[in-house]
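Participant: Here you go, one structure.
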Amino acid sequence: MAHHITVFCGSSAGHSPVHADAARKVGAWLAERQIGLVYGGGRVGLMGVLADACLRAGGRVVGVIPRALADKEVAHTGLTELHVVGSMHERKALMADLCDAFLALPGGYGTWDELFEALTWTQLGIQSKACGLLNVDGYYDALIAMVDRAVDAGFIRRPHRDLLLTGTDVEALLQQLHGARPQGLA
């Protein structure tokens, strides 16, 4: 069972309140089950909403932020732990080391980069950690369709496609991630 889940999400809250609502649900769900949250360490956007919800519910929150972002005063200072690292590469590596599974909420380039790097590491057998994508209000419909198109076109093998768990229900997807044990399939 997962003891820590790394959650990737936007440093923006987006335009629709459903995204922040989902982040709050994820944070509370983790705290209620005593699963630690590892995330990007920011106090803004969905990152801040997620961390604050987990902390309010009594959860453990570990942030990992590059020095350049911490220096711009976006680091969340009320966390259980805050690791300030030298680069984005160090951030991703430490976030991976600290968790048992990954989840992506809505976000932009950074969120997608982090999710797909973690997913690739699982695909290649570098790690055996589940990767999930919470499709809030259809936000990731096109991305999921692109992944399925890559399978149809022969660029992703079906077993590798199945490494990306997707869902629209916060609790169902988190329970799926919590119990998943993917094997490297490279």
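Participant: Just the residues that are part of a helix (DSSP H, G or I), more than 22 Å from L124 (Cβ to Cβ) and among the charged types (D, E, K, R), please, taken from segment 153-182.
Facilitator: Within segment 153-182, E171 is the sole residue that qualifies.
Participant: So which of G59, G63 is part of a loop (DSSP other than H, G, I, E, B), out of contact with any Cys (no Cβ under 7 Å at 6 or more places or on another chain), of a type outside the set (A, V, I, L, M, F, W, C) and surrounded by 21 or more Cβ atoms within 10 Å (Cβ to Cβ)? Walk me through how you get there before you give the answer.
Facilitator: Details: G63 fails: part of a loop (DSSP other than H, G, I, E, B).
Going through G59, G63 in turn, the sole match is G59.
Participant: Among the numbered criteria (1) in contact with a Lys or Arg (Cβ under 9 Å, 6 or more places away or on another chain); (2) small (G, A, S); (3) more than 21 Å from L119 (Cα to Cα), which single criterion is violated by G36?
Facilitator: (3)
Participant: Further question on the same structure: Which one of the conditions (1) within 22 Å of A20 (Cβ to Cβ); (2) buried (at least 19 other Cβ atoms within 10 Å of the Cβ) does A130 fail to meet, given that it meets all the rest?
Facilitator: The failed condition is (1).
Participant: Report, by residue number, each residue of segment 52-75 that is under 20 Å from R24 (Cβ atoms) and modelled with pLDDT under 95. Give the steps one after another, and end with the answer.
Facilitator: Taking segment 52-75 first, the residues under 20 Å from R24 (Cβ atoms) are 52-63, 74.
Scanning segment 52-75 gives a single hit, V74.
Participant: Which one is modelled with the lowest pLDDT, of the residues in segment 152-183 that are of a type in the set (A, V, I, L, M) and surrounded by fewer than 16 Cβ atoms within 10 Å (Cβ to Cβ)? Lay out the reasoning, then the answer.
Facilitator: Kept after step one, since they are of a type in the set (A, V, I, L, M), are these residues of segment 152-183: 153, 156, 163-165, 170, 172-174, 177, 180.
Right, trim to surrounded by fewer than 16 Cβ atoms within 10 Å (Cβ to Cβ) and you get 153, 172.
On the way: A153: 98, A172: 93.
That would be A172.
Participant: If the requirement is being in contact with a His (Cβ under 9 Å, 6 or more places away or on another chain) and of a type outside the set (V, I, T), which of these qualifies: R56, R67, R24, R43? Break it down stepwise before answering.
Facilitator: Numbers: R56 fails: in contact with a His (Cβ under 9 Å, 6 or more places away or on another chain); R67 fails: in contact with a His (Cβ under 9 Å, 6 or more places away or on another chain); R24 fails: in contact with a His (Cβ under 9 Å, 6 or more places away or on another chain).
Residue meeting the stated conditions: R43.
Participant: Do any residues in segment 109-127 that are part of a helix (DSSP H, G or I) have Cβ atoms under 7 Å from those of residues that are of a type in the set (S, T, N, Q), where the two are at least six apart or on different chains, and which pairs are they?
Facilitator: If the second residue must be of a type in the set (S, T, N, Q), the pairs left are W121/Q127; T122/S128.
Participant: If the requirement is being in a helix (DSSP H, G or I) and either in contact (Cβ under 8 Å) with a residue 12 or more places away in the chain or under 16 Å from the mean Cα position of the chain (by Cα) (or both), which of these qualifies: A142, A53? Steps first, please.
Facilitator: On the way: A142 fails: either in contact (Cβ under 8 Å) with a residue 12 or more places away in the chain or under 16 Å from the mean Cα position of the chain (by Cα) (or both).
Among A142, A53, only A53 is in a helix (DSSP H, G or I) and either in contact (Cβ under 8 Å) with a residue 12 or more places away in the chain or under 16 Å from the mean Cα position of the chain (by Cα) (or both).
Participant: Just give me the residues in segment 78-92 being exposed (fewer than 15 other Cβ atoms within 10 Å of the Cβ) and not in a loop (DSSP other than H, G, I, E, B), in sequence order. Show your work before the answer.
Facilitator: If we filter segment 78-92 for residues that are exposed (fewer than 15 other Cβ atoms within 10 Å of the Cβ), which is where we start, we get 78, 80-81, 86-87, 89.
Residues satisfying the conditions are E81, H89.
The values are calculated or read from the model by the stated rules, or taken from the named source; none is laboratory data. Model, not experiment: these values are computed from the prediction. All Cβ positions, glycine included, derive from the backbone under ideal geometry; neighbour counts span all protein chains shown.
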